[in-house]
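Let me begin by handing over the structure; questions about it come next.
The values are calculated or read from the model by the stated rules, or taken from the named source; none is laboratory data. Fair warning: this is a prediction, and the values are worked out from it, not measured in the lab. In this analysis, Cβ positions are derived from the backbone assuming ideal geometry, glycine residues included, and neighbour counts consider all displayed protein chains.
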Amino acid sequence: MSCVKTEGAQPAEKGRDGLDFNPYEMMEPRLPGKTPKNRKNGAEVKNRNLEPEGVYRPDYNILTPNMRSPEYVQMSTAAAITLGVTTGRMYRCSCTRCLNLLLTYPEGCRANCAYCGLARHREAERNYADRNFIRVDWPAVPMDVVIDKVAGDGGNSPFHRMCISMITHPNSDADTVAVLKKWTDRIDPEAIPVSILSNPTTMGRADVQKLKDLGADIFTVALDAATPELFDRTRGKGVQSPHKWSKYWEVLQDARDIFGPQKFGVHIIVGMGETEHDVLNLVQKIVDMGGHNHMFCFFPEQGSLMDHLPATPRDQWRRVQLGRYLIDYCDARVDHMKFDDHGRVTDFGLPTGEMDDIINDGLAFRTSGCPGKFQDDISACDRPYGDSPPSDIASYPFQPDRKDIRKIRKQLEIPHRLV
Ligand code: SF4
């Protein structure tokens, strides 16, 4: 079994109509359709009430068992391969360093984010545990099996970090606490630190504090959209979804106060209709607050409300990816960069020699996320092929080699004679 899906993959060298960026006007999500009553809120799964038996691998054609957190969690296929609960190979990677866990319920996520394969509107066609998410399947695994395996590996665990991803569900806050407690009862959070990918819509400051008190190391907020308009269009009223930009910022500020510098951050998706200036301005704001930025390249997830739209052209992505790294780790500032009338970066504001070294180093083009045990600017969470097919890599889940750097330079439209 392979961990990557390539269906629907489009070469993203240039965007639609030959554009080298995805403009706001073009990136309009389609509207969610109506869900038949007998498929709402996981009714089918709950009515059949099939007892789960061990690991469940997503399969649209069989009866989906009734699985629920905190007894069950889903995990990325890469994490499941690394944990040894499923088999498969990953192109040019041997394992992932982050054990990403996702809360799971038959009712699924109650939000409707336009770019997300887990969104509520999909209950019309696919049970929650069978939905694809960031391009791959997420098997469901009993939490006790997860903990037994990781505890059994002791100091030899391949994982440098564990992450609990919340979804929008009435039980999500309490079950995140339950999963975290189960983990820290058996596994030292100093040995494998825990990140929380939060769901601010259901949270208050006390919830953030509780997770910190229970041993969570890093708290992140998936803003995903870089501007309030785009947020509302893709995650709020525009798609009958409950999220609000102001609430996300409120919880982000709580996280800054409670978790402290370098221990909080945001997720941002690039190429959903914002400008490069919009994203890098946001990146700067987060860095000025003391946080970090984890970035994804927009990919039209099959079955999502944006699956008819183009992936982010590689030149737009590479410019923003590089700009993010420069601001996050190299003391560059957005106000020293130059942008054209479309908000595209034309100058990163650093001397050519320094830029060459940073580009050739390749770290700027690796997947961004919470750090593991190698170094601060190498993410434990490498999410293999979560934002692109392996044939046209957006975020490199491994160290890019000379050939990769040549390709990256071409995409950045920087000559590769110095590589
Ligand atoms: S809240 Fe998260 S999981 Fe739910 S639809 Fe939005 S992006 Fe997907």
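Do we have any residue at all in the range 286-297 that's under 25 Å from residue 195 (Cα atoms), assigned to a loop (DSSP other than H, G, I, E, B) and not β-branched (Val, Ile, Thr)?
Yes: the range 286-297 contains one or more residues that are under 25 Å from residue 195 (Cα atoms), assigned to a loop (DSSP other than H, G, I, E, B) and not β-branched (Val, Ile, Thr).
Identify, by number, the condition in (1) under 18 Å from the mean Cα position of the chain (by Cα); (2) over 30 Å from residue 34 (Cβ atoms); (3) in a loop (DSSP other than H, G, I, E, B) that residue 158 doesn't meet.
Just one mismatch for residue 158, condition (1).
For the range 320-359, give me each residue that is under 18 Å from residue 376 (Cα atoms) and touching a residue at least 40 places away in the same chain (Cβ under 8 Å).
Scanning the range 320-359 gives 321, 322, 323, 324, 325, 327, 328, 329, 359.
Let me ask something else about it. Scan the range 115-147 for residues that are surrounded by fewer than 24 Cβ atoms within 10 Å (Cβ to Cβ), within 10 Å of the ligand (Cβ to nearest atom) and within 13 Å of residue 76 (Cβ to Cβ) and report the count.
Total satisfying the criteria: 3.
Identify all residues within the range 252-283 that are farther than 22 Å from residue 381 by Cα, within 16 Å of the ligand (Cβ to nearest atom) and surrounded by fewer than 24 Cβ atoms within 10 Å (Cβ to Cβ); write none if there are none.
If the condition is that a residue be farther than 22 Å from residue 381 by Cα, within 16 Å of the ligand (Cβ to nearest atom) and surrounded by fewer than 24 Cβ atoms within 10 Å (Cβ to Cβ), then no residue fits.
Follow-up question, since we're still on this one. Among the residues of the range 58-112, write down those that are part of a loop (DSSP other than H, G, I, E, B), within 16 Å of the ligand (Cβ to nearest atom) and closer than 19 Å to residue 388 by Cα.
The answer is 76, and nothing else.
I need a count of the residues in the range 216-244 that are surrounded by 18 or more Cβ atoms within 10 Å (Cβ to Cβ) and either at positive phi or without any contact (Cβ under 8 Å) to a residue 12 or more places away in the chain (or both).
So the answer is 2.
Can you name the residue in the range 166-215 that is farther than 23 Å from residue 76 by Cα and among the hydroxyl-bearing types (Ser, Thr, Tyr) and is also surrounded by the most Cβ atoms within 10 Å (Cβ to Cβ) among such residues?
So, considering only residues that are farther than 23 Å from residue 76 by Cα and among the hydroxyl-bearing types (Ser, Thr, Tyr), the one surrounded by the most Cβ atoms within 10 Å (Cβ to Cβ) is 202.
Checking the conditions here, which among 168, 176 is within 13 Å of the ligand (Cβ to nearest atom), in contact (Cβ under 8 Å) with a residue 40 or more places away in the chain and hydroxyl-bearing (Ser, Thr, Tyr)?
Unique residue meeting the criteria: 168.
Give the number of residues within the range 1-37 that are at pLDDT 75 or above and of a type in the set (S, T, N, Q).
Total satisfying the criteria: 2.
Hey, can you tell me all the residues within the range 113-134 that are under 17 Å from the mean Cα position of the chain (by Cα) and either outside any loop (DSSP other than H, G, I, E, B) or modelled with pLDDT under 90 (or both)?
Matches in the range 113-134: 131, 132, 133, 134.
Here's another thing I want to ask about it. Restricting attention to the range 190-239, which residues are in a strand (DSSP E or B), in contact with a Lys or Arg (Cβ under 7 Å, 6 or more places away or on another chain) and within 13 Å of the ligand (Cβ to nearest atom)?
224
Further question on the same structure: Mind telling me which of the residues 369, 362 ends up being buried (at least 23 other Cβ atoms within 10 Å of the Cβ) and either in contact (Cβ under 8 Å) with a residue 40 or more places away in the chain or more than 27 Å from residue 307 (Cα to Cα) (or both)?
369
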